[in-house]
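Asker: For reference, the structure I am asking about is given below.
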Amino acid sequence: MRRPLIAANWKMNKSISEAKEFTLRFLPSVSGIRDADIVIAPPFTSLFAVADKLAGTNVELSAQNAFYEEKGAFTGELSPLMVKDAGCNYVIIGHSERRQYFQETDEIINKKIRACQKHGLNVIFCIGESLAERESDRTNDVLQRQILNGLNEVDAQQLIVAYEPVWAIGTGRTATPAQAQEAHQFIRAQLAKIYGVHADSIRIVYGGSVTPENVDSLMACPDIDGSLVGGASLNPESFERIVKFKRRTT
Ligand code: PGA
């Protein structure tokens, strides 16, 4: 049985005081939850402040990105060591917004994943097809390419895959549970080609317009092991409801 992982991706939202306020409101509401990993990914400026509030709780901290070098002349970048130092034990790598707006290629993403794993960070590796790719029946080809290139020489330990169809991100248009399950099953089969039986223990989480209203039906799917939540994670009550999704009975 894979342990569910529910992660909040705040993207470029919240000031330091807003991040602290969210955390103080959210923490007591989920303090009793022991059967899922709960993760918050604030913007870089709030990492340290949020880490301080999360210390000793059941909620963990993630960065939204990290560069692959350890240190040096890379103006504007942060290394895996730095995000770890700020209190993160997770990092999101390869988000479609990084691929689209910051020209991150599969090769760059692969280097980032390996560097982050080397420094003990759990990597949430994002993949997903665009609308044009889905409509031209290229979803599986795209997922396969992203997996093969992104995971070249990557360890199955400390790896979480996030399936985030680009057409569902921030659009209010969620993949149906059937569409998501089909993609997750395909992803798991690709992971099995690389990792053999270990693919069974890799968590594959869904992201793309997850809300309190649709989380239960998505989480009921056998290959959906959690969710990466953008918009609906900005409000503590809405993210609380998502973390408290209806547990499977089997
Ligand atoms: P969304 O974003 O929930 O706002 O669609 C998800 C994500 O991009 O991780």
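Asker: Across the range 205-248, what is the number of residues that are β-branched (Val, Ile, Thr), touching a Leu at 6+ places or on another chain (Cβ under 9 Å) and within 14 Å of the ligand (Cβ to nearest atom)?
Answerer: Qualifying residue count, the range 205-248: 2.
Asker: Within the range 16-72, track down each residue that is small (Gly, Ala, Ser), within 26 Å of ARG247 (Cα to Cα) and under 17 Å from the mean Cα position of the chain (by Cα).
Answerer: Result: ALA36, ALA41, SER62.
Asker: Kindly provide the set of residues from the range 193-219 that are among the small types (Gly, Ala, Ser) and more than 15 Å from the chain's Cα centre (by Cα), ordered by number.
Answerer: Result: GLY196, ALA199, SER201, SER217.
Asker: Further, regarding this structure: On the basis of being touching a residue at least 40 places away in the same chain (Cβ under 8 Å), farther than 23 Å from VAL50 by Cβ and among the polar types (S, T, N, Q), does GLN185 make the cut?
Answerer: When the stated conditions are applied, GLN185 does not pass them.
Residue by residue, here is whether (1) within 21 Å of VAL243 (Cβ to Cβ); (2) touching a Ser or Thr at 6+ places or on another chain (Cβ under 7 Å) holds:
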site	(1), (2)
THR174	yes, yes
PRO177	yes, yes
LEU191	no, no
VAL197	no, no
ASP200	no, no
ARG203	yes, no
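Listed here are the residues, each with its yes/no results for (1) in contact (Cβ under 8 Å) with a residue 24 or more places away in the chain; (2) in a loop (DSSP other than H, G, I, E, B); (3) touching a Lys or Arg at 6+ places or on another chain (Cβ under 9 Å).
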residue: THR57; (1), (2), (3): yes, yes, no
residue: TYR68; (1), (2), (3): yes, yes, yes
residue: GLY72; (1), (2), (3): no, yes, no
residue: LYS84; (1), (2), (3): yes, no, no
residue: VAL91; (1), (2), (3): yes, no, yes
residue: GLU97; (1), (2), (3): yes, no, yes
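Asker: Quick test for you: out of ALA168, ALA192, ALA178, ALA156, pick the one residue that is out of contact with any Lys or Arg (no Cβ under 8 Å at 6 or more places or on another chain) and within 15 Å of the ligand (Cβ to nearest atom).
Answerer: ALA168 is the lone residue from the list that is out of contact with any Lys or Arg (no Cβ under 8 Å at 6 or more places or on another chain) and within 15 Å of the ligand (Cβ to nearest atom).
Asker: Restricting the range 195-204 to residues that are surrounded by fewer than 16 Cβ atoms within 10 Å (Cβ to Cβ) and among the small types (Gly, Ala, Ser), which is farthest from the ligand (Cβ to nearest atom)?
Answerer: Restricting to residues being surrounded by fewer than 16 Cβ atoms within 10 Å (Cβ to Cβ) and among the small types (Gly, Ala, Ser), the top hit is GLY196.
Asker: Here's a follow-up. Only helices (runs of 4 or more DSSP H) wholly contained in the range 149-250 count here; list those with 1 or more residues that are modelled with pLDDT of 95 or more and closer than 26 Å to GLU133 by Cβ.
Answerer: Helices (runs of 4 or more DSSP H) meeting the threshold: 177-195, 215-219.
Asker: For the range 123-146, which positions are within 16 Å of the ligand (Cβ to nearest atom) and either more than 23 Å from SER209 (Cβ to Cβ) or not in a helix (DSSP H, G or I) (or both)?
Answerer: Residues satisfying the conditions are VAL123, ILE124, PHE125, CYS126, ILE127, GLY128, GLU129, SER130.
Asker: Out of all the residues in the range 76-117, which are surrounded by fewer than 21 Cβ atoms within 10 Å (Cβ to Cβ) and of a type in the set (Val, Ile, Thr)?
Answerer: Scanning the range 76-117 gives THR105, ILE108.
Asker: Can you tell me which residue is nearest to ALA41 (Cα to Cα) among those in the range 1-12 that are more than 10 Å from the ligand (Cβ to nearest atom) and assigned to a loop (DSSP other than H, G, I, E, B)?
Answerer: MET12
The values are calculated or read from the model by the stated rules, or taken from the named source; none is laboratory data. All of these numbers come straight from a predicted model, not from anything done at the bench. Quick reminder, even Gly has a Cβ in these numbers, built from the backbone with ideal geometry, and neighbours come from all protein chains shown.
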